[in-house]
Ligand code: IPM
Ligand code: MG
């Protein structure tokens with residue numbers, strides 16, 4: 001198994017080092033090779049996605065990514081900015097299916113800003129389309145109008161095949177998640193009352209649902225979904241949505257679980273080749289201080305074993321080790337509650353490794 005390891009910027013290197021440590025502790029037959037991306041790519045090769053990094057990622061079976069971005073690159077031309085590297089690698093590898101599970105560990109119920117009874121037992125899977133929508137739609141750009149005023153343009157667009165393939169991922173996951181006899185549920189999130197691109201989204205989801213009679217499909221406008229996620233998040237099982245709505249809703253969902261530092265993600269292509277990264281950003285303000293929470297990245301490594309390498313046993317082993325470390329009271333600053341042991345990024349990685357056995 002070949003893994004391309006792309007630490008990126010900010011806290012990226014620290015958190016990725018913890019996930020690598022956990023993978024190494026499992027003694028699997030894996031070969032890990034590091035390469036720069038984002039601001040680190042710009043520093044190394046004047047390109048947020050250096051050609052060598054892209055080639056390494058293409059040749060690998062899976063990619064483990066930290067995070068990209070730093071304020072110091074905000075003044076660069078758009079195509080040189082760190083975020084471009086991330087968007088390009090998603091597109092180049094055709095990683096259209098982004099899975100972001102928001103799972104509340106019982107030990108962290110007190111770390112959420114919501115009341116424990118609202119979030120306890122929470123287990124949502126957000127399925128976000130990742131290579132289309134307003135993120136990639138043409139035309140786009142900033143230009144000057146004849147009257148001399150500047151105009152910014154982006155285009156929201158989805159074609160049927162893009163909607164159908166992400167819909168399938170969501171329905172398939174919903175069926176796998178419900179093996180307890182309860183009905184599998186998919187909630188499709190759109191803004192079909194205003195945006196044609198998402199009116200089509202809703203139509204295609206309804207057509208597709210005919211192939212999945214076991215799954216109960218519902219629809220929700222994105223503004224309502226944002227509200228319902230805070231009001232009664234446990235009504236959701238699988239949520240499926242487009243790129244931009246998924247970006248926003250997954251940040252929101254992460255806070256239900258106590259901290260965005262807990263939310264892993266998988267981005268998959270048609271063949272389950274994938275890139276695995278925490279859902280959070282590079283947090284340059286706390287970089288290099290050994291205080292970042294590495295659990296989202298460690299849990300992303302578990303998703304890698306599950307989805308790309310079909311190794312459910314070791315995926316569970318990592319997830320159980322994270323639970324055990326939390327049960328033992330280890331907490332990074334972002335999830336700290338009274339009576340727990342505050343540890344840094346590196347020590348949290350060690351606690352998970354120790355809990356593997
Ligand atoms: C995410 C991030 C990225 C996105 C940024 C860094 C480009 O917010 O993975 O959610 O918007 O997709
Ligand atoms: Mg985001």
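Since every read-out is calculated from the coordinates, none of them should be taken as a lab result. For clarity, every value in this text was computed on a predicted model and none was experimentally measured. Using ideal geometry, Cβ is built from the backbone for each residue, glycine included, and neighbour counts are taken over all protein chains shown.
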Length released on extending from residue 142 to residue 227, taking residue separation times 0.36 nm less the Cα-Cα span: 27.4 nm
Could you tell me the relative contact order of the chain? Use alpha-carbon pairs under 8 Å, at least six residues apart, and round to a whole percent. 21 percent
Starting from the Cα coordinates of region 98-268, work out the convex hull volume and express it per residue in Å³. 132 Å³
Using a Gaussian network model of the chain whose springs link C-alpha atoms within less than 10 Å, name the residue from 40, 62, 232 with the highest mean-square fluctuation. 232
Pop the C-beta distance of residue 338 and residue 91 into the FRET formula with R0 = 35 Å and round what comes out to the nearest 0.05. 0.20
For Cα pairs less than 8 Å apart in space and 6+ apart in sequence, what is the mean separation divided by the residue count of region 157-313, i.e. the relative contact order in percent? 19 percent
Theoretical ellipticity at 222 nm over the chain - DSSP helices of four or more residues, -39500 (n - 2.57) apiece, nearest 500: -12000 deg cm²/dmol
Using alpha carbons only, how many angstrom separate the centre of region 99-143 from the centre of region 202-263? 8 Å
Region 296-357-region 145-198 distance, computed between alpha-carbon centres (Å): 31 Å
What length, rounded to one decimal in nm, is gained on full extension from residue 72 through to residue 34, with 0.36 nm per residue of separation minus their alpha-carbon distance? 11.4 nm
Restricting the count to DSSP beta bridges whose residues both fall in region 98-268, what percent are antiparallel, rounded to a multiple of 5? 45 percent
Descending packing, highest mean Cβ count within 10 Å first, for 22-28, 140-146 is 22-28, 140-146
Which semi-axes, in whole Å and largest first, does the equivalent ellipsoid of the chain have when worked out from the alpha carbon gyration tensor as the square roots of 5 times its eigenvalues? 30, 27, 20
Between residue 199 and residue 1, what FRET efficiency follows from the Cβ-Cβ distance if R0 is 41 Å, with the result rounded to 0.05? 0.45
Normalised by the number of residues in region 18-86, what is the relative contact order in percent for Cα pairs under 8 Å and 6+ residues apart? 36 percent
Multiply the residue separation of residue 45 and residue 356 by 0.36 nm, subtract the distance between their alpha-carbon atoms, and state the gained length in nm to one decimal. 108.2 nm
Once you've got the GNM for the chain with C-alpha springs shorter than 10 Å, pick whichever of 13, 101, 213 has the biggest mean-square fluctuation. 213
Rg over Rh, two decimals, region 232-304 (C-alpha only, Kirkwood Rh): 0.99
